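Below: one structure, written as structure tokens.
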Amino acid sequence: MIDIFFQLFPIMIPIIIIIIIGYIWNIIGNNLNQKEITNIITWIGAPCLIFNTLIQLESSIILLQDMIISAILIIFTMFFLSYFILKIINFPVRTFINPMSFSNSGNLGMTIALFAYGSIGLELAVIVFMVTSMLHFTLGVSIWSGKWSFKFLAKTPVIYAVFIGLSVNFFNIELPRTITNTTSVLAGIAIPLLLFTMGISLNKITYKLDAKIIFLVIIRIFIAIIVAYSITSLLDMEGIAKNIILLQAVLPAPIFTYLFASQYDVQPGKVANYLMTSTLISLFTITIFLTLIL
């Protein structure tokens, strides 16, 4: 047990510390413009991280294909099952289906993968984040806004980062070191800012204990674990790749769900409550998960 603790300590504590720094930073009166930080992540940090990862992929094509397929299958399966669960318990579908279907593959997923498995873990987690981001900024936003918008899709930098990154890798294009060094440095701001912003966001959320939300979060975790395990077994995935996919099941809802709910006025208070509840519960689920796999 002591050995497991020492293995978890360098993984979880840095994440918690950065989130707490963001939380305290906002509490002591530093009114950081969260919208601007989100824009920096959305337009610079995340696209550069995805681009930088795609141009220097070391994993096999088959493994990357499995990661992409499994990430897509998990999200769409969770959409389907979440819809029926919300209908059965008479919860507003438009409010909760996105938080239940998408996981925090960015703020927490990539960070945990990096600290637990190093560069290969980050590489595979970025693939999941790439798929999650593309679906959230298309399918997810169409649900938040109530309409499909190709205009919004065209404004999503992640789409271009994926296309350019894959093209460079596929055609084996040799980029000038100036460009790769620049994108590498800019990619480095993504994870710290994601965690820092998470701390700021959690400080701004008004939390109220709700037994129904707790029940919904717990049900979602159990279903997501079954779905993730079934998909990894179906695709015969093993090792780090399998663990990265299974990790998605125990992660909380992404911060972007609260930001979009606020932007489109889709009961942001209830989404914030779900987000906060899932984040608190994830402290236990992630710890248990890491204890079992390390």
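Values quoted throughout were computed directly from the atomic coordinates according to the rules given, and no laboratory measurement underlies them. If you're wondering where the values come from, they're calculated on a predicted model, not measured in any experiment. Glycine also receives a Cβ, built like all others from the backbone with ideal geometry; neighbour counts cover every protein chain displayed.
Across the chain, the relative contact order, built from alpha-carbon pairs under 8 Å that are at least six residues apart, equals 33 percent.
Let me know the whole percent of all Cα-Cα pairs from region 164-294 that are separated by more than 21 Å. Tail fraction, whole percent: 58.
Between region 224-251 and region 122-147, the C-alpha centres lie 18 angstrom from each other. Expressed as a whole percent, the proportion of Cα-Cα pairs in region 2-293 lying more than 26 Å apart is 42%.
Dividing the convex hull volume of the alpha carbon atoms of region 74-199 by its residue count gives 143 Å³ per residue.
Between GLY269, GLY45, GLY29, the Gaussian network model of the chain with springs among Cα atoms under 10 angstrom shows the greatest mean-square fluctuation at GLY29. By the rule of a C-alpha distance below 19 Å, with chain neighbours fewer than 8 residues away ignored, the lysines paired with LYS204 are LYS35, LYS270.
Between the alpha-carbon centres of region 13-31 and region 73-115 there is a gap of 26 Å. Highest mobility in the GNM of the chain, judged by mean-square fluctuation with C-alpha springs under 10 Å and restricted to ASN98, ASN273, ASN31, is found for ASN31. For region 175-209, trypsin sites (Lys or Arg not before Pro) are listed when DSSP marks them as loop and at most 14 other Cβ atoms sit within 10 Å of their Cβ; the list is LYS208. With neighbours defined as other Cβ atoms within 10 Å of a residue's Cβ, the residues LEU202, LEU57, LEU294 order from fewest to most as LEU294, LEU57, LEU202.
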